[in-house]
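Q: The following block contains the structure, expressed as structure tokens.
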Amino acid sequence: MKLKDYPLSFAVAALVVGAAVAANVFAQSRPATPIDVSEAKAKEEARFKAIDTDGDGVVSADEFATTSPRELFAGLRPGGERGPREARRRAAGERRSAQRDRVRGAKERRKAEQGERQRTARREAFETADTDDDGQLSTEEYEDMPAAVEAERRRAMFARLDANGDGSLTPDEFPSVVDRLEMLDADGDGLVTRDEMRAARGR
């Protein structure tokens with residue numbers, strides 16, 4: 001059987017696929033790993049045997065015609081693997097996917113933590129306003145709620161500042177930014193410049 005007896009569409013398809021595969025092979029002038037010639041030969045022999053379906057040692061026109069282009073050109077690429085460029089692209093895609101998962105996970109954790117803080121704050125505000133501890137807020141308790149919550153916050157802040165717990169704040173216990181400013185004043189001239197503030201942020 002001669003080539004002219006084949007359907008034109010098959011011949012065109014085989015030529016197109018063959019040209020594309022050959023272009024990919026020769027484009028890889030610098031394979032990532034050395035090519036093992038014996039391994040390539042073994043794969044080629046296996047490919048031939050797979051196409052030689054009757055096992056007579058030759059590929060007939062009928063066997064060739066019924067073989068898909070993928071089978072005809074399988075293993076032609078060095079190492080029988082995808083090219084280094086595609087491997088790098090796939091690895092980069094996996095890294096981006098992992099990064100998106102980490103970012104999504106961090107956002108979900110922050111959202112959950114924020115929600116828990118809000119629930120805790122609401123519960124504490126309710127308990128603070130519920131002065132008779134009956135589990136309900138009367139009209140008077142609800143109206144007094146902002147003042148009661150603010151007063152409780154001030155008491156809690158005072159307790160944190162009162163390091164020795166004596167019920168009063170000494171100058172050392174009183175809220176101050178001087179310690180922080182002294183740390184920022186790198187040259188010790190008593191002035192905190194913009195450059196010193198920027199340098200502190202960069203540390």
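The values are calculated or read from the model by the stated rules, or taken from the named source; none is laboratory data. Computed from a prediction, not measured in an experiment: that's the story for all the values here. Cβ: placed from backbone, ideal geometry, glycine included. Neighbour counts: every protein chain shown. SASA here: full protein model, heavy atoms, side chains in, ligands and nucleic acids out. Shrake-Rupley method; radii C 1.70, N 1.55, O 1.52, S 1.80 Å.
Q: With all protein chains present, calculate the accessible area of residue 62 using a 1.4 Å probe and round the result to the nearest 10 Å².
A: The accessible area comes out at roughly 100 Å².
Q: Ordered by residue, what ³J(HN,Hα) values in Hz, to whole numbers, does the stretch 42-58 give under the Karplus form 6.51 cos²θ - 1.76 cosθ + 1.60, where θ = phi - 60° and Gly and Pro are x?
A: 4, 5, 5, 5, 5, 5, 4, 5, 5, 7, 7, 5, 8, x, 8, x, 9
Q: Which of the aspartates and glutamates could a cross-linker bridge to residue 49, judged by Cα under 19 Å and excluding same-chain residues fewer than eight apart?
A: Straight-line reach from residue 49, under 19 Å: 39, 62, 63, 71.
Q: Further question: Let a ≥ b ≥ c be the square roots of the eigenvalues of the Cα gyration tensor of the stretch 113-152; is it rounded (a/c under 1.5), or, if not, prolate (a/b larger than b/c) or oblate?
A: prolate
Q: At 7 Å along the Cα-to-beta-carbon direction for both residue 194 and residue 50, put a label point, then send me their distance in nm to one decimal.
A: Each label point lies 7 Å from its Cα, and together they span 6.9 nm.
Q: So for the pair residue 170, residue 59, with labels modelled 7 Å out along Cα→Cβ, what separation do we get in nm?
A: 9.4
Q: Shifting gears a bit: In Å², and per residue, what accessible area does the stretch 85-203 have when probed at 1.4 Å with the other protein chains present?
A: With the other protein chains kept in place, the stretch 85-203 gives 85 Å² per residue.
Q: Still on this structure: By per-residue mean of other Cβ atoms within 10 Å, what is the highest-first order of 152-163, 119-130?
A: Final packing ranking: 119-130, 152-163.
Q: I'd like the Kirkwood hydrodynamic radius of the stretch 80-188, using the inverse of the mean 1/r over distinct C-alpha pairs, in Å.
A: 19.9
Q: Convex hull over the alpha-carbon atoms of the stretch 124-203: what's its volume per residue in Å³?
A: 165
Q: What FRET efficiency do you get for residue 181 and residue 132 if R0 is 41 Å and r is their Cβ-Cβ distance, rounded to the nearest 0.05?
A: After rounding to 0.05, the efficiency reads 0.35.
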